[in-house]
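Data first, discussion second: the structure below is written as structure tokens.
The values are calculated or read from the model by the stated rules, or taken from the named source; none is laboratory data. In this text the structure is predicted, and so the values were computed from the model without any measurement. As a convention, Cβ positions derive from the backbone with ideal geometry for all residues, glycine included, and neighbour counts pool all protein chains shown. Remember, those area values only see protein heavy atoms, side chains included, never the ligands or the DNA or RNA. Shrake-Rupley method; radii C 1.70, N 1.55, O 1.52, S 1.80 Å.
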Amino acid sequence: MKPAIDVIGVQKCLGCFGCFNACPYGAIEMVISEEGFYIPRVNKNKCTNCGICQKVCPIISTPSIDRFPKPIAYAAWSKNNKIRLTSSSGGIFSELANIIFEYDSVVYGVVWDERFHPVHVEATKDEKEILEKIKGSKYVPSYVGDAYKKVVKNLSEGKKVLFVGTPCQIAALNNFVNHLKIDKSNLYTVDLVCSGVPSLIVWKTYLEYISKKMGERNIVSVKFRDKSDGWSHRTIRIEFDDGYSYISPFLKDWFCWGFLSNQYLNSICYNCPFSKIPRQGDLTIGDFWGVPKKLHDEKGVSVVLVNSKKGKELIEKMKKRVELVPVNFEEATKDNPRIIYGKFKKPKQRKELITIARKKGFKAVIRKLMFKRLKRAVFFLIRNPKQALYLLLFKVLR
Ligand SMILES: Cc1cc2nc3c(=O)[nH]c(=O)nc-3n(C[C@H](O)[C@H](O)[C@H](O)COP(=O)(O)OP(=O)(O)OC[C@H]3O[C@@H](n4cnc5c(N)ncnc54)[C@H](O)[C@@H]3O)c2cc1C
């Protein structure tokens with residue numbers, strides 16, 4: 001049997017690390033593609049064509065999972081304001097970790113490495129300081145490494161495991177544990193509502209650009225969801241080694257605008273097979289965009305979907321730490337369609353933008369994005385002249 005990547009092709013690869021973890025011959029290494037996404041590279045001398053990678057690849061083998069026909073939905077937030085304010089949404093991840101740490105357990109989540117590339121790491125209850133680093137969304141693809149293999153080891157040692165990741169990462173983990181036929185009663189999975197991951201190449205050139213723009217300062221911290229201006233404004237904060245900070249709302253920052261408008265996502269993210277019901281995790285967490293007015297709070301509100309019995313078990317335990325308000329499923333998905341629908345229109349210039357970033361740097365990307373934004377504004381003006389005038393007046397008078 002051919003390796004999974006030769007069956008699906010690079011454009012459909014999720015970069016989920018399923019095949020990398022599953023290969024019993026160490027024939028697969030993960031590399032960054034020329035578009036800036038993790039892809040497997042198969043060493044044909046080591047590959048025996050055993051086909052195990054096909055069993056674990058979520059594109060080829062749909063994970064077999066036990067989920068409620070319709071998730072139970074909540075608006076939720078941590079009762080601890082410090083946790084809530086320092087998390088991306090309502091601080092649900094940290095509270096889940098605190099709950100699982102009441103047992104002999106391990107938590108898997110994502111931290112920045114020294115180059116500001118996200119990496120999946122493990123934390124035990126004696127390493128609570130790692131939770132602070134896992135906290136917060138990193139809106140670029142994470143290096144999963146051999147985390148799924150480590151999860152299996154933890155489970156075989158009788159530990160409880162909480163694993164948080166994008167829907168495709170949870171799908172790969174589900175396939176991996178199913179393939180090994182191990183007891184998964186102690187495995188708790190949480191998938192994020194995910195609008196896709198942008199290119200690591202564009203990300204790298206953006207960081208170089210910001211560092212230069214700020215007078216060749218060295219970046220020491222990146223926070224995509226700084227809440228000093230509130231939760232719903234989505235603000236990026238980059239800190240430098242001399243104490244200086246760059247702070248910008250997503251709409252005024254070119255990388256974030258490009259991410260929000262899906263300019264340079266992984267190809268498969270434009271047709272995500274896992275942004276749908278049934279969700280891959282026992283729980284799904286995200287921002288509660290469109291939260292009912294009476295629950296809106298600029299400290300941050302999460303949407304939580306309970307997808308399975310194990311998810312329900314976690315929710316019961318969360319009640320002492322988390323405010324949970326039941327909402328209709330339809331209300332939870334109304335302004336967050338990515339919960340149920342994985343399709344986006346792929347911009348014609350996507351590949352060109354990534355190539356420009358690689359060859360010319362982020363300044364050249366900005367020029368392209370400016371032109372695109374201007375074109376959009378002109379089209380909007382032509383189609384909705386009254387609304388455009390109203391928006392302009394609102395901006396001038398504000
Ligand atoms: C790439 C990406 C796209 C997203 N898109 C949406 C969206 O369109 N709509 C929406 O409602 N929510 C989206 N989210 C989820 C949202 O940003 C928050 O991560 C989520 O609501 C959890 O917030 P929190 O306050 O509970 O905890 P936080 O402490 O903010 O938790 C962050 C959690 O995300 C994990 N994580 C961070 N970066 C990554 C990464 N690169 N890959 C995998 N896991 C990661 C961490 O391990 C941690 O468990 C996205 C997240 C990511 C990473």
(request) Amide H neighbours of L14 under 5 Å, at least 5 residues apart or on other chains, H built in the peptide plane: list them. (result) none
(message) Could you sort T205, T124 by their accessible area in this structure, using a 1.4 Å probe and putting the largest first?
(response) T124, T205
(request) In whole Hz, with x marking every Gly and Pro, tabulate ³J(HN,Hα) for the range 229-244 from phi via Karplus 6.51 cos²θ - 1.76 cosθ + 1.60, θ = phi - 60°. (result) 10, x, 6, 6, 7, 6, 10, 9, 10, 10, 10, 10, 5, 9, x, 6
(message) Quick one: 3J(HN,Hα) in Hz for the range 263-279, Karplus 6.51/-1.76/1.60 with θ = phi - 60°, rounded, Gly and Pro as x.
(response) 6, 9, 7, 4, 3, 5, 5, 6, 8, 5, x, 10, 8, 6, 8, x, 6
(request) Report the dimensions of the range 295-371 along its three principal axes from the alpha-carbon atoms, largest first, rounded to Å. (result) 52, 27, 22
(request) For K150, tell me the accessible area in Å² from a 1.4 Å probe, rounded to the nearest 10. (result) 80 Å²
(request) Would you mind listing how long the range 4-56 runs along its three principal axes, going by Cα atoms, in whole Å with the largest first? (result) 28, 19, 16
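Hey, what's the per residue convex hull volume over the C-alpha atoms of the range 130-199, in cubic angstrom? It would help to have the intermediate numbers written out before the result.
On the way: hull volume 6.9 nm³, N = 70.
Considering the Cα atoms of the range 130-199, their hull volume per residue is 99 Å³.
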(message) Straight-line reach from K294: which aspartates and glutamates fall under 15 Å, measuring Cα to Cα and dropping same-chain residues less than 8 apart?
(response) E323, E331
(message) List the residues, sorted by chain then number, that are 5 or more residues from V327 or on another chain and whose placed amide H is less than 5 Å from its amide H.
(response) A73, Y74, A75
(message) Can you give me the long-range amide H partners of G51? Hydrogens built in the peptide plane at 1.01 Å from N, cutoff under 5 Å, separation of 5 or more residues or another chain.
(response) none
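Translational diffusion coefficient, Stokes-Einstein: compute it for the chain using the Kirkwood radius over C-alpha pairs as Rh, at 20 °C and 1.002 mPa s, and state it as an integer in µm² s⁻¹.
Roughly 97 µm²/s, to the nearest whole number.
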(message) If packing is taken as the average count of other Cβ atoms within 10 Å, what order do 207-217, 265-275, 375-385 fall into, highest mean first?
(response) 265-275, 207-217, 375-385
(request) Working from the alpha-carbon coordinates of the range 87-240, get Rg over Rh, Rh being the Kirkwood radius. (result) 1.00
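Compute the FRET efficiency between F371 and N81 as 1/(1 + (r/R0)^6), taking r as their Cβ-Cβ distance and R0 = 35 Å, and round to the nearest 0.05. Don't skip to the answer; put the middle values down first.
On the way: r = 43 Å, r/R0 = 1.23.
So the FRET efficiency works out to roughly 0.25.
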(message) Using a 7 Å offset from the Cα along the Cα-to-Cβ direction at both C50 and K2, what is the distance between the two label points in nm, to one decimal?
(response) 2.1 nm
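Would you mind checking K213/K252; K12/K223; K133/K204 for any pair whose Cα atoms are more than 25 angstrom apart?
On the way: K213/K252 15 Å; K12/K223 29 Å; K133/K204 20 Å.
Over 25 Å apart, Cα to Cα: K12/K223.
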(request) Would you compute, from DSSP H runs of 4+ residues alone, the mean residue ellipticity of the chain at 222 nm, taking -39500 (n - 2.57) per run and dividing by the full residue count, rounded to the nearest 500? (result) -10500 deg cm²/dmol
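Take peptides 282-289, 295-302 and line them up by average Cβ neighbours within 10 Å, highest first, as a rough protection proxy. Mind dumping the intermediate values first?
On the way: 282-289: 24.2, 295-302: 18.0.
Peptide ranking by packing, descending: 282-289, 295-302.
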(request) For the pairs K276/K375; K70/K153; K150/K227; K46/K150, note any where the Cα-Cα span goes beyond 27 Å. (result) K276/K375; K70/K153; K150/K227
(message) Can you give the FRET efficiency to the nearest 0.05 for I182 and K320, using r as the Cβ-Cβ distance and R₀ = 35 Å?
(response) 0.70
